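Where a number appears in this text, it was derived from the coordinates with a stated rule and is not lab data. Just so it is clear, the model here is predicted, and its values are computed rather than measured. Ideal geometry is used to build each Cβ from the backbone, glycine not excepted, and the neighbour counts take in all protein chains shown.
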Amino acid sequence: MGVFDKVKGWLFEDDTDSQGREERDQEYEESESDNVRDYERDYQSAKSREGIDAFVILVKPEKFADVEEICRHVKEGRAVILNTENTVPEDKQRLIDFLSGVVLAKDGMIAKIYQNVYICSPKNIGVVEE
């Protein structure tokens, strides 16, 4: 395969490459669901340890659809550190606005703690700036 054929392959996908891409996407989605299951297992394991009754969850949302998971944590009374560095720019403000409403409805607070980093805390966890 020559250089021209490689460039042609990059620019113009054929059906076999498209099928390969679909298989890779499917594998990626399956590995993502495995990561979610691992997260839940780790959370349940940490929750069952003696002496641990509060958690701070670090979340790195990529798109607005990730807000459901964050809301679940807020609803369950956990503090959430929200890193929006990798969030789609058009979804970032929408995500912050939505979470502000959710947090305030739960009598909590949301505060910017660094560039692109926010904390959503329930009413039983205070945030103090020094």
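All told, Glu69 meets the bar of being under 15 Å from Leu58 (Cβ atoms) and either assigned to a helix (DSSP H, G or I) or touching a helix residue (DSSP H, G or I) at 6+ places or on another chain (Cβ under 7 Å) (or both).
Total residues in region 71-96 satisfying the condition of being loosely packed, with under 13 Cβ neighbours inside 10 Å and either over 23 Å from Ala54 (Cα atoms) or touching a His at 6+ places or on another chain (Cβ under 7 Å) (or both): the figure is 5. Contact map, region 88-107: first residue among the β-branched types (Val, Ile, Thr), second residue surrounded by fewer than 15 Cβ atoms within 10 Å (Cβ to Cβ), Cβ cut-off under 9 Å, separation 6 or more or different chains; pairs are Val88/Glu62; Val88/Lys63; Ile96/Lys112; Val102/Lys75. Counting only residues that are within 16 Å of Lys60 (Cα to Cα) and without any contact (Cβ under 8 Å) to a residue 40 or more places away in the chain, region 112-130 holds 7 of them.
Scanning region 97-130 for residues that are exposed (fewer than 15 other Cβ atoms within 10 Å of the Cβ), among the charged types (D, E, K, R) and more than 19 Å from Thr84 (Cα to Cα) turns up Asp107, Lys123, Glu129, Glu130.
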